[in-house]
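Read through the structure below, which is laid out as structure tokens, and then see the notes.
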């Protein structure tokens, strides 16, 4: 993690608080609207300071305070035909740090989120194995457990933006992503138990829901870092995230992270099922579909300011923050531009930069109140640089849904309002 | 993070699943009670596989599935006189990994959890400063933000165990602890804005609740790594954790992590208020109280198996897991004993071992079904070794409430039941 103490203290680096000094005669509070001599919120005893608050048995399982009720997953009704085969979006505009709480982490279901108890849970391994096996949930808990943090991004994240700037909010343009700390067992340990035959080259994974959402994973990836997970962010997976067992496929598209994992089958070739042929393939300019785009390439986006988070405080010190990630490893650098990509400034990476996990960046600027065209670009440990939308369109065209990792532009107006735009 | 791929695959390391192989004639499923030829849970289409589950607009903010309703904070009524000046306990027996979700993270209030909006929030800095200041919430959001993960442990965690093994559950014996990823600003940046006068040596911090919970922090610590936090685990702090602003004092006792932070005053000496004299001091054998025990020393505990998590699956492969932490830095090693401390085996550290943060450990054993006296001991980067309870009592006696970081013993019986015991 970064050292939060690395900035030297002692000198005052900002002027915006000059007016908030307490004079001898009374308080002059607030850089903003609250400024008033003798601000009663600090000089008078308030109700909350003169009585009791909630007791410790008020909420055995706590929920967010009512003032944060806008920070929720949201779906877009016109996007899909049925809410049981649809998606909702993480409110990344309102989050900070790197962890996504399960309660607001985006959901994608192909036939709805099913309720499956641990007692009813079974996992079968069959196909080209020495010993086909069926595990109960308890069986799985007896294998060695591991902990890893990984982002899960829908292949269609940003998909509506191929044709142009459409959606006014980073929650909708880039919110098909979440980042959790998983605990579970390694797929390779399960495969070792069953014994993969030499001719076995592909791992086909299926869920227990009606869609089954079958996907083929090359054996190499399965043996590298794929996890059969039970816990996310310390607690059990929630129903909508695959309780009691989901697959975690670090760095690879979310559709492969099969929920309510029911079957693992070893084959000598890919199944080429619905989810990897008619869906989750990339339509190229020549009308042909490119398959096997599994890795989510390096990407970043500014989460604040953004259309849902305009600047309310006027000019002066402004915190610019966002998220960066790469399916190929660690994020090593994030640059931010305020002039639409003409000039770039390196942002600070805050906290960890874990491989294949969301990485938080911050840049502190002194905003002069003029318009900005905000962009961020991610560079990962392979040296890959996040492309512009134009550069991506040259290869991929605009007849696409999936795998848009291009640079996003926010137009910040002098009044602080922010719009999703494209710049030539 | 640890490399989840570091274990070599290919060889079958366990025999317990020998009976779960699928024969040619039918399925023989499960190592446990579910074993049955042709187990319908894997051979028959179930209800959840033949209809729709929940749509994506079912839960804008999600909650745990109903099967996990036992994983909640619990209070102990006889422990305190009033539930508004009391504590509840994190269900660490049922959690995994390192993150504690806010919804189950223990609470300690001195006059209840208050509801304070961002609009009503003010933070004053006064005392020995060049320029007394009052900040609105928005003012605070304009300072440089940082991200860090830290454990928060009540000084009284384990306090009921000084006199003997009392409570049947790790949730109650060691559950006054949580671990979150915080985002906020550095206290030293706020102090720089106000300008600490040369004679200022102590930082007195107070909350906006009726108790005010004032504590004195040496200036050196305030300038090192203390954070004024707004977010925990990616989202806003919850009401019971100090919304909208709490102090994070990495490695130091939880009582100093003031919630609903209202005032920061610089003085030339400690205030020596109620919370640092009559409370949160250590009663020594000679009847005198030792003050200024701020750092939470290295500690660990096995969370499973434990009294609330008996072994149900019988002998064979058993995952032993627990948590380790140190207020002095990183955990470098955790040892586990199955024979009450006569012999020790080094456990695996899973995921990160961040400084001043909860660290997860695992040890995989082949349990022969005989009784065990399970213990864990933590070693941190300073070389400090977690003491036995006897060693701690030699110095501290038994007339204590606070700062018990001694080794915990669980007696695992041949039937798998687990009890909290002391061994001579």
Can you give the mean number of other chain Cβ atoms that lie within 10 Å of the Cβ atoms in peptide B:200-208?
1
A correct fewest-to-most ranking of A:281, A:398 by other Cβ atoms within 10 Å would be A:398, A:281
Taking the Cα centroid of region B:123-148 and of region A:116-156, what is the distance between the two, rounded to the nearest whole Å?
48 Å
From the helices alone, meaning DSSP H stretches of at least four residues, give me the mean residue ellipticity at 222 nm for chain B, per-run term -39500 (n - 2.57), in deg cm²/dmol to the nearest 500.
-1500 deg cm²/dmol
Only Cα pairs within less than 10 Å get springs; with that Gaussian network setup on chain A, which residue of A:358, A:186, A:41 has the largest fluctuation?
A:41
Share of Cα-Cα pairs in chain A lying beyond 29 Å, as whole percent:
52 percent
Sort shortest first the distances from residue B:288 to its counterpart in every other copy, using label points 7 Å along the Cα-to-beta-carbon line, and give them in nm.
8.6
Express the Stokes-Einstein translational diffusion coefficient of region B:74-290 in µm² s⁻¹, to the nearest whole number, given a Kirkwood radius over alpha-carbon pairs, 4 °C and a viscosity of 1.567 mPa s.
72 µm²/s
How many Cβ atoms of partner chains, on average, are near each residue of B:86-98 if near means within 10 Å of its Cβ?
5
Hey, fewest Cβ within 10 Å first, where do A:168, B:96 land in order?
A:168, B:96
Given springs between every Cα pair under 10 Å in a Gaussian network model of chain B, which of B:176, B:284, B:256 has the largest fluctuation?
B:284
How high is the relative contact order of chain B, given as a whole-number percent (alpha carbon pairs under 8 Å, six or more residues apart)?
15 percent
Percent of alpha-carbon pairs separated by more than 50 Å within the protein assembly as shown:
18 percent
Fewest to most neighbouring Cβ within 10 Å: what's the order for A:50, A:86?
A:50, A:86
Once you compute Rg and the Kirkwood Rh from C-alpha atoms, what is the Rg to Rh ratio for region B:97-201?
1.08
Looking only at A:410, A:202, A:292, which one moves most when chain A is put into a Gaussian network model with springs between Cα atoms under 10 Å?
A:292
Where Rh is the Kirkwood radius over Cα pairs, Rg/Rh for region B:287-335
1.19
Just the number, please: percent antiparallel of the DSSP beta bridges in the protein assembly as shown, rounded to the nearest 5.
95 percent
By the Cα gyration tensor axes a ≥ b ≥ c (a/c under 1.5 gives rounded; else a/b larger than b/c gives prolate, otherwise oblate), the shape of region B:299-421 is oblate
Note down the nm distance, to one decimal, between modelled labels 7 Å out along Cα→Cβ at residue B:342 and at residue A:50.
6.6 nm
Length gained, residue B:131-residue B:43, 0.36 nm per residue minus C-alpha separation, equals 24.3 nm
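Laboratory data are not the source of any read-out in this text; all were calculated from the coordinates shown. What you see is a predicted model; the values in this text were computed from it and never measured. For neighbour counting, all protein chains shown are included, and Cβ atoms are generated from backbone atoms with ideal geometry for every residue, glycine included.
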